[in-house]
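K.L.:
Structure below; questions to follow.
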Amino acid sequence: MRPSKTDLARQTLQAHTGALGMRERRLVILCDGQRDLAELVRLLGQDAPILVQRLVQAGYLADAGTTRMSPAPSAIARPLPSPQAPAGPRRSLVAAKVYLAGMLELQRDDRARHHRERLQARLDDDAMLQAIAEALRFLEARMATTLAGRIRERLLEALPEDAVQRLQALLTPAKEAALP
């Protein structure tokens with residue numbers, strides 16, 4: 001199978017609606033009718049066939065030989081199933097650290113450099129999560145709400161589930177935590 005985008009996928013990519021998660025969006029972009037499943041696995045990881053199957057069922061992808069130029073009405077009405085946690089190294093503290101360090105590097109000032117260096121230092125998991133929380137607070141304080149929301153969303157997609165819960169606890173203001 002050589003999956004390719006449907007019109008629904010093209011419209012969704014152009015609209016930037018958020019109907020697709022980061023991995024689904026990346027997969028749709030890569031599906032040009034030329035790449036086969038083996039190449040998509042090499043580029044995106046072992047869960048690529050599952051993602052392709054979900055996106056085909058939702059009407060975003062079709063086999064290049066049978067690409068639908070207009071999606072079926074049921075594909076439009078049916079939301080994309082919520083993504084499950086990717087297996088393997090795709091969700092890790094290191095991936096989250098690298099992503100956030102990249103966002104900090106774009107800021108190009110001393111405070112951002114301080115947060116980036118702290119992230120890049122060899123830290124245990126708890127110290128790294130603390131550094132991630134502080135860096136995220138720093139970025140959210142100086143960015144537009146929508147951009148800060150996207151950064152938080154991508155960061156949470158990169159973190160393992162247990163780390164997400166621990167990070168959210170660190171981000172909860174102390175006064176809320178003190179309430180009975």
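K.L.:
Apply the Karplus curve 6.51 cos²θ - 1.76 cosθ + 1.60, θ = phi - 60°, to the phi angles in segment 2-15 and return the couplings in whole Hz, x for Gly and Pro.
P.N.:
Each residue's phi maps through the Karplus curve to give 10, x, 9, 6, 9, 4, 4, 5, 4, 5, 5, 5, 5, 7 Hz.
K.L.:
Would you kindly derive the ³J(HN,Hα) couplings of segment 25-35 from the backbone phi angles with the Karplus curve 6.51 cos²θ - 1.76 cosθ + 1.60 (θ = phi - 60°), listing them in order in whole Hz, with x for Gly and Pro?
P.N.:
Result, ordered by residue: 4, 4, 5, 4, 4, 6, 7, 10, x, 9, 8 Hz.
K.L.:
Moving on to the next point. Name the residues of segment 97-128 whose amide N is less than 17 Å from a point 7 angstrom out from the Cα of Asp162 along the C-beta direction?
P.N.:
124-128
K.L.:
Using the Karplus curve 6.51 cos²θ - 1.76 cosθ + 1.60 with θ = phi - 60°, work out ³J(HN,Hα) for each residue of segment 160-167 in order, rounded to whole Hz, and write x for Gly and Pro.
P.N.:
So the J values, rounded to whole Hz, are x, 3, 5, 6, 4, 5, 5, 5.
K.L.:
Using the Cα gyration tensor of segment 101-173, with a ≥ b ≥ c the square roots of its eigenvalues, what is the shape: rounded (a/c below 1.5), prolate (a/b larger than b/c) or oblate (neither)? Show your work: numbers first, answer last.
P.N.:
Details: a/c = 1.76, a/b = 1.14, b/c = 1.55.
Oblate is the answer for segment 101-173, as a/c is 1.5 or above yet b/c matches or exceeds a/b.
K.L.:
Let me make sure I get this right: for segment 1-42, a, b and c are the square roots of the gyration tensor eigenvalues over alpha carbons, sorted descending. Under 1.5 in a/c it's rounded, otherwise prolate if a/b > b/c, else oblate. Which is it? Walk me through the numbers before you get to the answer.
P.N.:
Details: a/c = 3.38, a/b = 1.67, b/c = 2.02.
Oblate, because a/c is 1.5 or more while a/b does not exceed b/c.
Computed from the coordinates by the stated procedures, all read-outs in this text should not be read as laboratory data. Not measured: the values here are computed from a predicted model. Glycine gets a Cβ as well: all are built from the backbone with ideal geometry, and neighbour counts include every protein chain shown.
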